[in-house]
Structure formats: structure tokens, C-alpha cells
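The values are calculated or read from the model by the stated rules, or taken from the named source; none is laboratory data. Because the structure is a prediction, the values reported are computed rather than measured. We place every Cβ from the backbone using ideal geometry, glycine too, and count neighbours over all the protein chains shown.
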Number of protein chains: 2
Amino acid sequence: MTYMIDGLQYANWSEKIFQEMRVGAVDAVHVTITYHENFRETVHNIERWNRWFEQYPDLIFHGRTAACIKTARETNRTAIFFGSQNPSCIEDDIGLVEVLHTLGLRFMQLTYNNQSLLATGCYEQDDTGLTRMGKEVVREMNRVGLVVDMSHSAERSTLEAIEYSSRPIAITHANPAFWHPALRNKSDDVLRALGQSGGMLGFSLYPHHLENGSDCSITSFCEMIARTADLMGAENIGIGTDLCQDQPDSIVEWMRVGRWTKSIDYGEGSADKPGFPPMPNWFKDNRDFGNIRNALSDLGMAPSEIDGVMGDNWYRFFENNFGPLG
Amino acid sequence: MTYMIDGLQYANWSEKIFQEMRVGAVDAVHVTITYHENFRETVHNIERWNRWFEQYPDLIFHGRTAACIKTARETNRTAIFFGSQNPSCIEDDIGLVEVLHTLGLRFMQLTYNNQSLLATGCYEQDDTGLTRMGKEVVREMNRVGLVVDMSHSAERSTLEAIEYSSRPIAITHANPAFWHPALRNKSDDVLRALGQSGGMLGFSLYPHHLENGSDCSITSFCEMIARTADLMGAENIGIGTDLCQDQPDSIVEWMRVGRWTKSIDYGEGSADKPGFPPMPNWFKDNRDFGNIRNALSDLGMAPSEIDGVMGDNWYRFFENNFGPLG
């Protein structure tokens, strides 16, 4: 069986997008439900998802285990898995890890770009690794089956999370720095340690993470995938598009600024390019995953490896990491 | 199969009490986890339960469906089902009904003793029945499988809830007013309507609900059970002890007063008897259910009816009412 799974999206959700997931035969998507929101605000976002599940039961449903992806395929729907890009949702309360897992949360970043209560983000000057609470929370996440995601974390923190976590972790949406040296892309050291520990990297299509940005060629992107397979293992990579379809620029500002500053922080953008950059023309939305599959095939990647990258590796990872430590 | 199920307790939980549940062979207990607490505070109470489940896995676990009661029996443990005695936990937000159901809530009273956003409590002067939000919330509770509990509600509100709810409701802990005319005990009209709709009454052992209070005889209690069986059907009754074991008197004050008044309200007590009254000597804790079973047998009640009262009726009710509307 070969599944199509996207390791991260944060679109401006609508019936149109859910229909495009069906056109693209996307079996499962890990969606970001919260950034800087506290627990109560995160629950409100879950309530919005519950309304969408009620409204579009023929297109989407709430995914909780890998088995839901089988159900999705069998019923022609997309299983939606929840994730958080920042630990704001657990506030300073470790008990919320299990509560949010019960509500369906399956991934949580230990940091967004800044220092959090748990670890250091990739935009901080000094990276002090996992905090005292960070270690406690990683152990609790391991216990209940909430995956540690270090996509926006700094180098030392990421290496320490890989080391300290008793279960494999994920970098759901980033690319290798060897291909495009953005602050958010990952060093060979991180990728090697991630692969050796059975972790997963999801390749991002967000233009700031791409060589030549919005003009990145699909060939360059797929060659990068092949090189990364050599570096960290073809079974430890997947897609994590970071698709932010139909979002107004105010949303990227919320991601970057939240409530932590009164000024503007441009993150990966800049004063003259403050908003969302245009997506590459070969990946605009959920209908375009076939282009990547075809380009990997044109490159001569083995069919089973392509299946792995397009979803089967995420499937196996979901299967092993969403349940309680057994 | 015959199960032992208690339809309501709010003890000062401890390892001792969980062990007493095992000594008494109690397969399942509906426990109150919240009264006047808002959503965030209720979640904190759930976190405390999660710690107890982690700490005493050989004694208790979190019950979610009737099947958990079978598991409890097979593994010599007690399944703990969550309930709320007031709708404060959903605040003014209907989306929290599904969220709390996902977190395990299986019963919610539409009111404690006062007017709520949903209905009227039994201590109010005027009973205006289900409010606009009350009707919406009952429909949503029906949809997800959260049982409407009217133990502390006023007459008209209770009759309207029975009528309006598309699924049977429960009065988890109260007695018939014909036996002891306390404000909290229920009229023949309510009990008849409850029985005809397939609802359940749980008989309370709280002394203020008993004929002669703490001095109530077990024979009188069991004769009352037999009469109620005649009135509303032997398949619609069970036990709901309202056991508040080991609680300090400050807790009964919290139940009665919450944050809604700056004065003292004595509820079913009085200025000279402000605290918890002593339990009858034949029912002090979870080890004493056998006394009730024996006394029902001495009265000549049929064995299958006794099994129904002691747990099998609740089992069937749990089986039909904790899942989504099918």
C-alpha cells in the first residue's frame, strides 16, 4: 500500500481546500491548530475543527492513529491530525500534555523561533538546550505518544531533544542547510542524528526554505531529496509542505510576532517582503503532489523509496509514535 | 453477568477509597469531577484524575464506554466515569460539550441548585424550564453522547429535559419525594416520565435524602426501592449513593455556595447542622453495597431485578448513551 501524507500544513481552511485534498488523493495531513495560543484559545481552535468535521464529513475527519489513514483511504476522505508549533498550549502545566493528546494533539514543537519554557528557538542568539521543564515535558510526551517536533528549534536544543527523547522525534517541515542555508534549515549533524534515531524529516515547500525561493526548480528540489536520503536514510524522510494556502499576510505576522513583541519581526521575510512569498509553480496546493512523485521518478529514485517519501514513511512513524509508551 | 455500579460519588479520593472499591467489588463509579469550576479549572481536575490513574493502575482506570466495565471486571479494577454537577464547565460555549466528552465527561447536570444558563435548579423560586441555550446544549449532548443529569434541577425543567432530549436522561442521585419530601427528591410525575422515556434514577444514600436521615433503616430504604420499581419500572432504577466520604465540611460549603454568593447558604443543611451528616450505619463506604443487595433479597425482590438495581440497569444505560447518536 502506498499512502499520500503531508507532514505539515497551515492553510486558511475551507471546503475548497478540503476538496483539493481529495482531488490530490491526500490520505492524511498534519495540520497546525495553534501557535502562540494558550490552552483555552487552543481548545477554541479545536472547536472550530470539530465544526468543520461536522460540516464536511464526506471530505475530512479527525485522525487519531495510523489506522485512521487506512479508514481515510477506504472511505475517500482525508484524515486530519492536529499539531502545535509552539508549547504555548501547555502553558506552564505538564498535565496539559496528556489532556491535549486526549483531544487529538499528535505533534508539538518545543519552540517556535524564540526561547520557550522548554528549549531554544532558531532565532535566539544563545542556545541553552533543553530546560528543566523541557526534559520533564519530553518524557511526558514520550509517555503519552505526543511527538516532539523541532522544526523551528535551534541546533543544540534539537540535538539534545533527539538524544533525550526515548522515542524518535520529527522535524516536520524544514530542509537541509547544505542545499539552502536558511536559519530554519538543518545541519548535516542534526539530520544524521535524526536519521540514526529513527526520526523523520518532512521536506518543506515554503519558498524561504527553498534554493532560489519561489523560483526553485522541481529538479533541484528532488535532487535535494535524493541527497538527503543518502545522508539520513530513505526511510526517514517525507513531505511537510508548510502549505499556508489562502492565508492573509496578517497570519504570517501572527506566526512571527504573536504577543511577544510590540514591534514587527520579519522572521524569514524582510521589510520589503513582509508577507507570504508565492509558492513555486509546480506546487501550489494539495492537487500538486503528483508533480513531486513524477519528478522523483524521472530522477531514477526507486519506486519503493518514492512511496516512502510520499507517505509510507510517515505512516510507519505515525503507527509507532502516536500511542502510549508500551 | 451482574455488575456493581454506583451512579454517583464525590469522595475525597485516596488510595484507601480505591482499595475499598475493590473490597466491595465495585466495577464502575460515576464520579463528580467538577461543580462550579470553569472549563480551565475542570481540566485541572481531570489532570488530577490522570495522576491518580497513573499512580494506582492496579485499582482504577478511566472508563469511557460500557465495555470498560467488562474490562474492569476482568482485570479486578474499578472503571471511573467522569461527570459534572453543574454546566459551569462549558461556560457559555456549546463547543465545549464535545471537547469535554472527548476528555471523558459522560454526565452533566443542567443545573446545580440555582438557575444556570441552561435550566432552573431546585432551590429557585420560579422554574422557567429549559432556556434557549439549554435546548441547544441538550441537542448537542444528545449528538455526542453526554448524558443529561437532572438530579439538582427543578420540576418543570426536569420534565422539559425528559421531553426535549432525544435520548433518555438520568437523575443519578435522588430519591422519590413520596418517601421523603426533600426539595431534592422527585415527584411521582417526574419519576413516571423518566421511566417511560427509558431514563434512570439512582437511589441516593445522602442522609438529607433519606427518611429519618442518618437513622434511616435499610428496610425502609429497600421498601422504597421496591415501590419505585412499581412506579417507574424495575429496569429504570439503580444506585447513586452520593457518597462524599472523607470530605471536610468546607467541601459541602463549596458545593452549596461556589462563588455565587458572599453569604452562607445551608442548602439541605441548616445553621446548626452545616456540615456533612453521618452516613447510615449500614452504608458507610464502598464495602457496604452487599448490605443493600442482601436487604433487597430479604424483601423478596426477584434476583434478576436485584441485579438490575445493583448495576446491570446502569450498564445497559451506559451502553446505549455514551456514544455518538447513531
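The C-beta contact set for the range B:12-32 (first residue part of a helix (DSSP H, G or I), second residue among the small types (Gly, Ala, Ser), distance under 6 angstrom, 6+ apart or interchain) comprises B:Ile17/B:Ala11.
Here's the yes/no breakdown for (1) surrounded by 15 or more Cβ atoms within 10 Å (Cβ to Cβ); (2) closer than 25 Å to A:Trp13 by Cβ; (3) not small (Gly, Ala, Ser):
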| position | (1), (2), (3) |
| --- | --- |
| A:Gly195 | yes, no, no |
| A:Gly202 | yes, yes, no |
| A:Tyr206 | yes, yes, yes |
| A:Thr228 | yes, no, yes |
| A:Leu231 | yes, no, yes |
| A:Glu268 | yes, yes, yes |
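Give the residues of the range B:73-88 that are more than 12 Å from every other protein chain (Cβ to nearest Cβ) and either without any contact (Cβ under 8 Å) to a residue 24 or more places away in the chain or assigned to a strand (DSSP E or B) (or both), sorted by residue number. Break it down into steps so the answer makes sense when it comes.
Step one: filter the range B:73-88 for residues more than 12 Å from every other protein chain (Cβ to nearest Cβ), giving B:73-81, B:83-88.
Correct list: B:Glu74, B:Thr75, B:Thr78, B:Ala79, B:Ile80, B:Phe81, B:Gly83, B:Ser84.
Among residues that are under 23 Å from B:Asp265 (Cα atoms), within 14 Å of another protein chain (Cβ to nearest Cβ) and of a type outside the set (Asp, Glu), B:Cys122 is not included.
May I ask you to say which residue of B:Phe39, B:Phe61 is on the phi < 0 side of the Ramachandran plot and in contact (Cβ under 8 Å) with a residue 24 or more places away in the chain?
It is B:Phe39.
Exactly one residue out of A:Asp249, A:Asp285 is among the acidic types (Asp, Glu), modelled with pLDDT under 95 and under 21 Å from the mean Cα position of the chain (by Cα), and it is A:Asp249.
The set of residues from the range A:210-224 being at positive phi and part of a helix (DSSP H, G or I) comprises just one member, A:Gly213.
Are any of the residues in the range B:225-240 in a loop (DSSP other than H, G, I, E, B), hydroxyl-bearing (Ser, Thr, Tyr) and touching a Phe, Trp or Tyr at 6+ places or on another chain (Cβ under 8 Å)? Working first, answer last.
Of the range B:225-240, the ones in a loop (DSSP other than H, G, I, E, B) are B:233, B:240.
Applying the additional criterion that residues be hydroxyl-bearing (Ser, Thr, Tyr) yields none.
Looking for residues that are in a loop (DSSP other than H, G, I, E, B), hydroxyl-bearing (Ser, Thr, Tyr) and touching a Phe, Trp or Tyr at 6+ places or on another chain (Cβ under 8 Å), one finds none in the range B:225-240, hence no.
Would you point out which residue out of B:Leu130, B:Leu191, B:Leu183 is at pLDDT below 95 and of a type outside the set (Ser, Thr, Tyr)? Talk me through it step by step, then tell me what you get.
Numbers: B:Leu130 fails: at pLDDT below 95; B:Leu191 fails: at pLDDT below 95.
The match here is B:Leu183.
Selection of the range B:122-160 for residues being outside any helix (DSSP H, G or I) and over 19 Å from the mean Cα position of the chain (by Cα) yields B:Glu124, B:Gln125, B:Asp126, B:Asp127, B:Thr128, B:Gly129, B:Leu130, B:Thr131.
Residues that are within 19 Å of A:Lys135 (Cβ to Cβ), within 9 Å of chain B (Cβ to nearest Cβ) and in a helix (DSSP H, G or I) within the range A:89-108 comprise A:Gly95, A:Leu96, A:Glu98, listed in sequence order.
Each residue in the range A:163-202 was checked for being closer than 16 Å to A:Leu231 by Cβ, of a type in the set (D, E, K, R) and in a helix (DSSP H, G or I), and 3 of them qualify.
The rows are residues; the columns are (1) more than 9 Å from chain B (Cβ to nearest Cβ); (2) surrounded by 18 or more Cβ atoms within 10 Å (Cβ to Cβ); (3) acidic (Asp, Glu).
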{"residue": "A:Arg40", "(1), (2), (3)": "no, no, no"}
{"residue": "A:Val43", "(1), (2), (3)": "no, yes, no"}
{"residue": "A:Arg48", "(1), (2), (3)": "no, no, no"}
{"residue": "A:Arg51", "(1), (2), (3)": "no, no, no"}
{"residue": "A:Gln55", "(1), (2), (3)": "yes, no, no"}
{"residue": "A:Leu59", "(1), (2), (3)": "yes, yes, no"}
{"residue": "A:Thr65", "(1), (2), (3)": "yes, no, no"}
{"residue": "A:Cys68", "(1), (2), (3)": "yes, yes, no"}
{"residue": "A:Thr71", "(1), (2), (3)": "yes, no, no"}
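Taking the range A:73-98 as the range and being β-branched (Val, Ile, Thr) and buried (at least 22 other Cβ atoms within 10 Å of the Cβ) as the test, the residues that pass are A:Thr78, A:Ile80, A:Ile90, A:Val97. Remark: pairs (first residue in the range B:286-312, more than 16 Å from B:Phe221 (Cα to Cα); second residue surrounded by fewer than 21 Cβ atoms within 10 Å (Cβ to Cβ) and modelled with pLDDT under 95; Cβ separation under 7 Å; 6+ apart in sequence or on different chains) = B:Asp307/B:Thr2; B:Gly311/B:Thr2; B:Asp312/B:Thr2. Quick check: is even one residue across the range B:129-148 closer than 18 Å to B:Gly238 by Cα, buried (at least 20 other Cβ atoms within 10 Å of the Cβ), within 14 Å of chain A (Cβ to nearest Cβ) and not charged (D, E, K, R)? Scanning the range B:129-148 turns up no residue that is closer than 18 Å to B:Gly238 by Cα, buried (at least 20 other Cβ atoms within 10 Å of the Cβ), within 14 Å of chain A (Cβ to nearest Cβ) and not charged (D, E, K, R).
Condition test on B:Thr111, is it out of contact with any strand residue (DSSP E or B) (no Cβ under 6 Å at 6 or more places or on another chain), under 15 Å from B:Arg156 (Cβ atoms), more than 14 Å from chain A (Cβ to nearest Cβ) and hydroxyl-bearing (Ser, Thr, Tyr)? Considered against the rule, which asks whether it is out of contact with any strand residue (DSSP E or B) (no Cβ under 6 Å at 6 or more places or on another chain), under 15 Å from B:Arg156 (Cβ atoms), more than 14 Å from chain A (Cβ to nearest Cβ) and hydroxyl-bearing (Ser, Thr, Tyr), B:Thr111 comes out as no.
In this structure, is B:Leu205 touching a helix residue (DSSP H, G or I) at 6+ places or on another chain (Cβ under 9 Å), under 19 Å from B:Phe276 (Cα atoms) and assigned to a loop (DSSP other than H, G, I, E, B)? Considered against the rule, which asks whether it is touching a helix residue (DSSP H, G or I) at 6+ places or on another chain (Cβ under 9 Å), under 19 Å from B:Phe276 (Cα atoms) and assigned to a loop (DSSP other than H, G, I, E, B), B:Leu205 comes out as yes.
Residues satisfying the criterion are absent from the range A:8-15 (criterion: touching a Gly at 6+ places or on another chain (Cβ under 9 Å), of a type in the set (Gly, Ala, Ser) and more than 14 Å from chain B (Cβ to nearest Cβ)).
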